[in-house]
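The values are calculated or read from the model by the stated rules, or taken from the named source; none is laboratory data. Bear in mind the structure is a predicted one, so any value in this text is a computation, not a measurement. Ideal geometry is used to build each Cβ from the backbone, glycine not excepted, and the neighbour counts take in all protein chains shown.
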Amino acid sequence: MRRVSPELGWQGLGWAGVIALALLAGHLRAPRPPAGTRLLLLGPVAPLVAQVQWLRFQASLERGEGERALELAESALGLDPRANAGWERLAAHLVFDRASPEREPDLARRRSFVAAGLAVLTRGAELAEQPGELELLAGLALLSRAEVDPALRPGGARELRSEAAARIERAAALGSTQAAELLPHARARAAE
């Protein structure tokens, strides 16, 4: 039986790991298995690969490649769906950056970006470790939009505040102590 030197064995294993990470991070364009299969294959390395995707997401945004950034964000969320930070990052980008009146003058497009950001938070609340925190962010985002861009809803700021109070109430029900503390304020704002 032929023996392989330990250095060569570890080196080969190291290169195999680098190639696997490159494939999974999208540097090489190999066909991707379904998300569930990827998670099984990656196991404890999935959060690390997701972080690589988030770095690529940020770099794409800085280059002005908005659509590519969204693809990378979805990939990262598929790799690490339990991490609240990813859901928060993508939702904040959609609601605060893309839906900003200064950046997007078209009301219909701003509405679609806000709806997409809220949908990200709703989806995240079904999968993430701390769903209450995602619902809280949705409520806070709606309160913010009520002040900055009330035209996002036909009912204006009042409708946005009412929707915000409902999201904050859900957050409190899901165990967010901060949401429980903010709920009376949110309800009072909704009644204005």
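Being surrounded by fewer than 20 Cβ atoms within 10 Å (Cβ to Cβ) and aliphatic (A, V, I, L, M) is the filter here; which residues of the range 159-180 pass it?
Listed by number, the residues that qualify are 166, 173, 174, 180.
Could you give me the residue pairs with C-beta distances under 8 Å whose first residue belongs to the range 96-118 and is farther than 14 Å from residue 151 by Cα, whose second residue is loosely packed, with under 14 Cβ neighbours inside 10 Å and at pLDDT below 95 wherever it lies, and which are 6+ apart or on separate chains?
So the pair list comes out as 97/103; 98/66.
Which of (1) more than 30 Å from residue 44 (Cβ to Cβ); (2) in a helix (DSSP H, G or I); (3) at pLDDT 95 or above is the odd one out, the single condition residue 105 does not satisfy?
(2)
Checking residue 142 against (1) outside any helix (DSSP H, G or I); (2) more than 22 Å from residue 54 (Cα to Cα), only one condition comes out false. Which one?
Failing condition for residue 142: (1).
Can you name every residue in the range 101-147 that is surrounded by fewer than 15 Cβ atoms within 10 Å (Cβ to Cβ) and either within 19 Å of residue 69 (Cβ to Cβ) or more than 19 Å from the chain's Cα centre (by Cα) (or both)?
101, 102, 103, 105, 106, 107, 108, 109, 115, 119, 147
Would you please list the contacts, defined by Cβ atoms under 7 Å and residues six or more apart or on different chains, that run from a residue in the range 43-68 that is farther than 20 Å from residue 82 by Cα to a residue that is surrounded by 17 or more Cβ atoms within 10 Å (Cβ to Cβ)?
Matching pairs, first to second residue: 60/69; 60/72; 61/69; 68/60.
Any residue that is basic (Lys, Arg), within 19 Å of residue 61 (Cβ to Cβ) and either assigned to a helix (DSSP H, G or I) or in the same structural domain as residue 183 (by TED's automatic domain parsing) (or both) - is there at least one of those in the range 120-132?
First pass over the range 120-132, keeping only residues basic (Lys, Arg): 123.
This time we only want the ones that are within 19 Å of residue 61 (Cβ to Cβ), so: none.
Checked the range 120-132: no residue is basic (Lys, Arg), within 19 Å of residue 61 (Cβ to Cβ) and either assigned to a helix (DSSP H, G or I) or in the same structural domain as residue 183 (by TED's automatic domain parsing) (or both).
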